[in-house]
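Step one of this worksheet: look at the structure below.
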Amino acid sequence: MPFEQNLAHYAALVEARLGLLLDARPRAGEVVRPQRLIEAMHYGALNGGKRLRPYLVFEATRLFGGDDEAALQVGCALECLHSYSLVHDDLPAMDDDDLRRGKPTVHIAYDYATAILAGDGLLTYAFDIITSPETPLPDAGKSALILELARAAGIGGMVGGQALDLAAETIAPDEDGIVLLQSMKTGALLRFACEAGAIIASRGTEDRTRLRRFGEVIGRAFQLADDLLDLTADAATMGKATGKDSAKGKGTLVALKGQAWAETELNRLVAAASAELVPYGQAALALTDAARFIAYRKN
């Protein structure tokens, strides 16, 4: 199956599962799911998107023969956490965006307070999903996933990266600072998505480290491609405003080193990511294709 068709097929599975997870029925230990809150969470998590992060969890798990159902559950947990970050990033106090994937952002469609609560709900629900009895993993695997996801998403990962990104509006970082910021804000969750597959399949340190490195490299490629698209694509194609980083004076590697350098660097990153997967041969083809898609996508 062609890569984009395979990605779309898996995205449909993820969206169907998210629809079930984000329904109005209270689970054991819950009192009630307030209607407006669950609607806003549903809107924030199910407003389109490629579902790339869950796909990486799925294919990394498959590489090692892990459980597909566990991969789907963990992928949905990761997508809830990723969606929370987008809901909060779009707020006026952060990136101040009115559009996300061509539709009004959650705080526009609902209100600021509901958007904050929807993000909080999606964040905490991610850990609920991983630990729930419906996720067929041993406790040790669940604990390892929770630890890695918390660190990828938290102070030294995505949240810390967002803090550095906000600071970059005042003092533009140098090249090393940009790479550090992007490895945290964008790269950390992509790194987790890849390493999660090895954890789900109960693989050892060597495989976890190799998939982690693969995730780090494609994380750099993802952000570099995003910055290139911010320069070259229009808002209709992207489904959100473009050119905002340059308008705020934020430095990017594309702005610092130019479009031609960025295109060459993307080729290098794809090669580096593919090299990490060489020991797995043809079994890693889907992940290699994902690296190419990430680097050369059009939106």
Every pair of residues 6+ apart whose Cβ atoms lie under 6 Å, when the first sits in region 197-215 and is among the basic types (Lys, Arg) while the second is surrounded by fewer than 19 Cβ atoms within 10 Å (Cβ to Cβ): Arg203/Phe64
Residue that is surrounded by the fewest Cβ atoms within 10 Å (Cβ to Cβ), among those in region 24-49 that are more than 23 Å from His107 (Cβ to Cβ) and not hydrophobic (A, V, I, L, M, F, W, C): Gly29
Hits in region 91-100 (condition: surrounded by fewer than 19 Cβ atoms within 10 Å (Cβ to Cβ) and not hydrophobic (A, V, I, L, M, F, W, C)): Pro92, Asp96, Asp97, Asp98
Meets criteria (touching an Asp or Glu at 6+ places or on another chain (Cβ under 8 Å) and closer than 27 Å to Asp23 by Cα) for Leu137: yes
Subset of region 134-176 that is part of a helix (DSSP H, G or I) and of a type in the set (Asp, Glu) - its residue that is nearest to Asp95 (Cα to Cα): Asp165
Selection count where residues are more than 20 Å from Ala201 (Cβ to Cβ), under 12 Å from the mean Cα position of the chain (by Cα) and among the small types (Gly, Ala, Ser), scope region 46-79: 1
One residue from Gly239, Gly281 being in contact with a Lys or Arg (Cβ under 7 Å, 6 or more places away or on another chain), closer than 26 Å to Phe58 by Cβ and either surrounded by fewer than 13 Cβ atoms within 10 Å (Cβ to Cβ) or modelled with pLDDT under 95 (or both): Gly239
Test: Thr124 is touching a residue at least 12 places away in the same chain (Cβ under 8 Å) and over 26 Å from Arg213 (Cβ atoms): no
Pick from region 101-116, criterion hydroxyl-bearing (Ser, Thr, Tyr) and closer than 22 Å to Leu78 by Cα, ranking: surrounded by the fewest Cβ atoms within 10 Å (Cβ to Cβ): Thr114
Residues being within 14 Å of Asp120 (Cα to Cα) and among the β-branched types (Val, Ile, Thr) - total across region 57-102: 1
Subset of region 62-77 [among the β-branched types (Val, Ile, Thr) and surrounded by fewer than 24 Cβ atoms within 10 Å (Cβ to Cβ)]: none
For Ala150: the one exception among (1) surrounded by 15 or more Cβ atoms within 10 Å (Cβ to Cβ); (2) of a type outside the set (Asp, Glu); (3) in contact (Cβ under 8 Å) with a residue 24 or more places away in the chain; (4) within 30 Å of Ala284 (Cα to Cα): (3)
Test for Gly119: is it part of a helix (DSSP H, G or I), crowded, with 22+ Cβ neighbours inside 10 Å and either of a type outside the set (A, V, I, L, M, F, W, C) or over 18 Å from the mean Cα position of the chain (by Cα) (or both): yes
Breaking point among (1) closer than 27 Å to Gly177 by Cβ; (2) at pLDDT 95 or above, for Lys248: (2)
Residues that are under 21 Å from the mean Cα position of the chain (by Cα) and farther than 17 Å from Arg297 by Cβ, drawn from region 254-277: Ala272, Glu276, Leu277
Matching option when the condition is part of a loop (DSSP other than H, G, I, E, B), touching a Lys or Arg at 6+ places or on another chain (Cβ under 9 Å) and modelled with pLDDT of 95 or more, among Ala24, Ala12: Ala24
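The values are calculated or read from the model by the stated rules, or taken from the named source; none is laboratory data. From a predicted model like this one, the values you see are computed outputs, not experimental measurements. Note that each Cβ is placed from the backbone with ideal geometry, even for glycine, and that neighbours are counted across all protein chains shown.
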